[in-house]
Each structure stands twice: as C-alpha cells, then as structure tokens.
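One structure below.
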Amino acid sequence: MQTTLMIYDGTASADSDVPRTGGVPLAPAGFTWPMCGCFCGGPLQFFAHLPVEDGVLSVFLCQNDPGACEFWDESSGANRVYLFPREGLQPVAVPETGVTLLPTTSAIRTQVVTVDPEDDDHDDDDELVPDAYDLARSGWKREPEERFGKQREVLGSLGGSPSYLEDDRLPACPSCAGTMEFAAHLEEGISWQTAMNLGGQLGYVFVCRACREGAFLTD
Ligand SMILES: [Zn+2]
Ligand SMILES: [Zn+2]
C-alpha cells in the first residue's frame, strides 16, 4: 500500500506558493476572506495551502469560539475548502479582527511511503483491517534514518482513501450532489506553536473537481 505522506519541513514564508500550513492564503483576485456561517459570524482561520494536480486546495476553519462553532462538521458553515485554479493567485487581505492566522508557517514536503500490511503484526483476526494512512503514519518512525517516534512530523497525506471513516460520513457535493472525492488528511501540527485546533482529531479534506467545491470534516 502506497501513501503520500505530508511531512513537516521547517518554516516557510507566509505567502509562499509551497505546500504549507499557516501563513496567508493565496487566492484569485477579488476573493474575500470567508466568514463563519455557524454561530460566531467571524472570519475563519486559514489552515493549509495544498497545491494539487488541478489547482490549490485552501482550507479554513473557525477557531473564534472552539466548541461552539462546529468546525468538525462539513455542513456547519464553520469550515471552508476551496479548489482554486493554479494560476493568478495572490495573497488575501487578512481581516483585522478574529482568529485568522496560525502563529507560524510550516512547509510541507511529500514522501511516498510503501507499507506492506503483511509486515505488520496483525495476526489477530479480531484486529481492524489495516488502514493505509494509519500504517504509513505509524510506520514513519521506522524510516531508516529517523529516530523512534516521529509521528508528529506527519502533517497528513494527499490522495488515497479516508482513514477509518464510515461511508455515511462521505460528504455530498453541494452543487451536483455527487459523493465528493477524498483529497487529503490533515493533522493538527508538529507542536502547539504550529498547531491548528482539531480537537485532537484527524481532519479530512474532500473535493468535487468538476464543480470545484470542497469540504472538511474531522473524525
Ligand atoms: Zn464560528
Ligand atoms: Zn459537484
């Protein structure tokens, strides 16, 4: 099983066009900062800039009132995912109030990891079926040059299938009503300075490429 892990790669400049969490969003001209449609009505916090094959995924979550605004629910209005075209992106003006930016900008490098589930000690038939992302993430500590226990360096993954997510939680596209395609996992971050608050959960990014719609939820 192959998984494209996203690995923490130090800091990045806030408006760079590299894969990153934090910093300032890059968007087409005329884009305005998304506001929370759940309870608070404030600006969402920018989480991640993820270049993908047909554009850039841009992920926002409400952090103005964690616990009140349901950022974990794709239909709450407390999160937004955009699939922007690749060209013509520019930094977006940041609202002056509200929780809008992460404290630091973290660069992401991708690494394809191949994990053979038969190498794992899953000889107990009662165990859950091995999950590609789970195996790759926990396997990260076994990379030859890495020391033990570096899972916090894993900031998520691109493509593949959603880790341990029930089928009935797969979001429908708000435009065409089709089931959206899984695009990425997002972890909170490597440290408290860099972290997005996901309530300790794993984040899932979905996309409808035809409609250029996106969705976010946590497990
Ligand atoms: Zn809110
Ligand atoms: Zn659609």
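Checking the structure you have, find out if any residue of segment 27-38 is within 29 Å of TRP140 (Cα to Cα) and either open to solvent by less than 10 Å² (accessible area, probe 1.4 Å) or of a type in the set (A, V, I, L, M, F, W, C) (or both). No - not one qualifying residue is present in segment 27-38.
Do the conditions hold for GLU213, that is, is it of a type in the set (D, E, K, R), open to solvent by 30 Å² or more (accessible area, probe 1.4 Å), over 23 Å from LEU83 (Cβ atoms) and away from ligand 1 (no atom under 16 Å from the Cβ)? No. For segment 173-199, taking the residues that are among the small types (Gly, Ala, Ser) and farther than 17 Å from ARG209 by Cα, the one that is nearest to ligand 2 (Cβ to nearest atom) is identified as GLY199. State yes or no: is GLU96 at pLDDT below 95 and of a type in the set (Asp, Glu)? Here the answer is no, as GLU96 does not meet what is asked.
Is one or more of the residues making up segment 54-71 at pLDDT below 95 and either more than 14 Å from ligand 1 (Cβ to nearest atom) or buried (at least 17 other Cβ atoms within 10 Å of the Cβ) (or both)? Yes, because at least one residue in segment 54-71 is at pLDDT below 95 and either more than 14 Å from ligand 1 (Cβ to nearest atom) or buried (at least 17 other Cβ atoms within 10 Å of the Cβ) (or both). Evaluation of LEU102 against the conditions (1) buried (at least 19 other Cβ atoms within 10 Å of the Cβ); (2) part of a strand (DSSP E or B); (3) not hydroxyl-bearing (Ser, Thr, Tyr) shows that the sole unmet condition is (2).
The single condition from (1) in contact with a strand residue (DSSP E or B) (Cβ under 9 Å, 6 or more places away or on another chain); (2) exposed (fewer than 14 other Cβ atoms within 10 Å of the Cβ); (3) at positive phi that CYS176 fails is (3).
Restricting attention to segment 38-53, the residues being within 16 Å of ligand 1 (Cβ to nearest atom) and touching a residue at least 60 places away in the same chain (Cβ under 8 Å) number 2.
Of the listed requirements (1) more than 16 Å from ligand 1 (Cβ to nearest atom); (2) in contact with a Gly (Cβ under 9 Å, 6 or more places away or on another chain), THR179 misses just one: (2).
Taking the listed residues ARG20, ARG109, the one that is more than 16 Å from ligand 1 (Cβ to nearest atom), among the charged types (D, E, K, R), within 16 Å of the chain's Cα centre (by Cα) and buried (at least 21 other Cβ atoms within 10 Å of the Cβ) is ARG20, with no other qualifying.
The values are calculated or read from the model by the stated rules, or taken from the named source; none is laboratory data. All of these numbers come straight from a predicted model, not from anything done at the bench. Methodologically, a virtual Cβ is constructed for each residue, glycine included, from the backbone with ideal geometry; neighbour enumeration extends over all protein chains shown. Remember, those area values only see protein heavy atoms, side chains included, never the ligands or the DNA or RNA. Shrake-Rupley method; radii C 1.70, N 1.55, O 1.52, S 1.80 Å.
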